[in-house]
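Written below as structure tokens is the structure these notes are about.
The values are calculated or read from the model by the stated rules, or taken from the named source; none is laboratory data. Source: prediction; values computed, not measured. Glycine gets a Cβ as well: all are built from the backbone with ideal geometry, and neighbour counts include every protein chain shown.
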Amino acid sequence: MSSSYGGYRPQSQYAPSAPQQPPYSSYYQTSTSNVPPPSNSSSNYSYSNVSSSGYPSFPPGTPQDVITSFQMVDRDRSGFIDERELQQALSSGFHRFNLRTIRLLMFLFKNPHQPLAVGPKEFAALWSCLGQWRGIFERYDKDRSGKIDPLELRDALYGIGYAVPGSVLQLLLSKYGDGSGRRVELCFDNFVECGMIIKGLTDKFKEKDTRYTGSATLSYDAFMTMVLPFLVSYD
Ligand SMILES: [Ca+2]
């Protein structure tokens with residue numbers, strides 16, 4: 001086995017994507033749903049992007065249950081939801097999400113004009129992305145324990161295109177232990193958080209390593225800008 005790092009594989013088309021900022025094209029490319037790409041550029045994403053009812057619009061083809069989930073928590077009908085409201089919506093749709101994961105998701109899916117809130121478009125993209133992570137979670141929970149253990153995590157990440165060194169996985173998983181030294185098992189929201197961190201950081205690195213050599217040269221600024229967002233969402 002090569003000791004070289006940079007074991008990620010160039011093909012990662014199965015990895016759920018947070019939207020690029022802006023526009024939203026990457027999400028739509030990887031989505032398996034039949035939602036067509038938005039015809040408008042992201043620049044018109046604002047309060048002016050409202051339906052005839054005066055409510056900010058969801059992308060065409062958004063499933064009704066996604067719209068309902070959003071509207072149920074957007075009690076003041078502002079068209080945007082905050083982190084607590086997002087937590088409530090996602091916890092009813094998927095699994096109980098801790099606030100730390102919610103903050104990371106909000107960072108990755110934030111509205112460019114409203115960084116502390118999520119609008120309909122971001123919510124629909126996030127919901128679809130979590131659906132893909134849910135599928136991965138179920139596919140790689142081989143023993144059907146309802147949790148992802150370290151080997152299942154390794155296989156899941158490999159399956160979506162990220163050959164993460166064991167030492168890195170160990171480091172990542174160490175924050176989920178209960179201190180007893182027992183094997184860590186991830187529930188869905190921690191799995192999503194791990195996946196988003198690995199995918200997010202690897203994708204950022206790949207932008208600097210376009211030939212997939214496993215090495216990149218980057219400035220101090222670029223490095224800090226790359227890594228910090230994944231740390232500041234932590235509590
Ligand atoms: Ca399992």
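Each residue in segment 208-223 was checked for being assigned to a helix (DSSP H, G or I) and exposed (fewer than 12 other Cβ atoms within 10 Å of the Cβ), and 2 of them qualify.
Condition check ((1) of a type in the set (S, T, Y); (2) loosely packed, with under 13 Cβ neighbours inside 10 Å; (3) touching a His at 6+ places or on another chain (Cβ under 8 Å)) across all residues:
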{"residue": "L104", "(1), (2), (3)": "no, no, no"}
{"residue": "W133", "(1), (2), (3)": "no, no, no"}
{"residue": "E138", "(1), (2), (3)": "no, yes, no"}
{"residue": "R144", "(1), (2), (3)": "no, yes, no"}
{"residue": "D155", "(1), (2), (3)": "no, no, no"}
{"residue": "I160", "(1), (2), (3)": "no, no, no"}
{"residue": "A163", "(1), (2), (3)": "no, no, no"}
{"residue": "L173", "(1), (2), (3)": "no, no, no"}
{"residue": "F188", "(1), (2), (3)": "no, no, yes"}
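In summary, P150 fulfils each of the numbered conditions (1) closer than 27 Å to Q87 by Cα; (2) under 18 Å from the mean Cα position of the chain (by Cα); (3) of a type outside the set (K, R) with the single exception of condition (2). Inside segment 145-160, residues that are among the acidic types (D, E) and not in a loop (DSSP other than H, G, I, E, B) make up a count of 2. Just one of the listed residues (D209, D149) is within 15 Å of the ligand (Cβ to nearest atom), farther than 21 Å from L104 by Cβ and among the acidic types (D, E), namely D149. Residues that are within 21 Å of G159 (Cα to Cα) and among the aliphatic types (A, V, I, L, M) within segment 195-235 comprise M196, I197, I198, L201, listed in sequence order. If the condition is being of a type in the set (V, I, T) and either closer than 14 Å to P63 by Cβ or touching a residue at least 40 places away in the same chain (Cβ under 8 Å) (or both), then segment 104-138 contributes only I136. On the given criteria, is F123 surrounded by 19 or more Cβ atoms within 10 Å (Cβ to Cβ), touching a His at 6+ places or on another chain (Cβ under 6 Å) and at pLDDT 90 or above? It is false that F123 is surrounded by 19 or more Cβ atoms within 10 Å (Cβ to Cβ), touching a His at 6+ places or on another chain (Cβ under 6 Å) and at pLDDT 90 or above. Residue-level check: of (1) over 13 Å from R100 (Cα atoms); (2) without any contact (Cβ under 8 Å) to a residue 40 or more places away in the chain, K175 misses just (1).
Within segment 53-85, being among the aliphatic types (A, V, I, L, M) and free of Cβ contacts under 8 Å to residues at least 40 places away in the same chain holds for M72, V73.
Applying the selection to segment 173-203, what residues are part of a helix (DSSP H, G or I), over 16 Å from the mean Cα position of the chain (by Cα) and more than 16 Å from the ligand (Cβ to nearest atom)? Scanning segment 173-203 gives S174, K175.
The residues of segment 119-146 that are small (G, A, S) and more than 16 Å from the ligand (Cβ to nearest atom), listed by number, are G119, A124, A125, S128, G131. Which of the residues that make up segment 161-172 are in a loop (DSSP other than H, G, I, E, B) and among the small types (G, A, S)? Passing the criteria: G161, A163.
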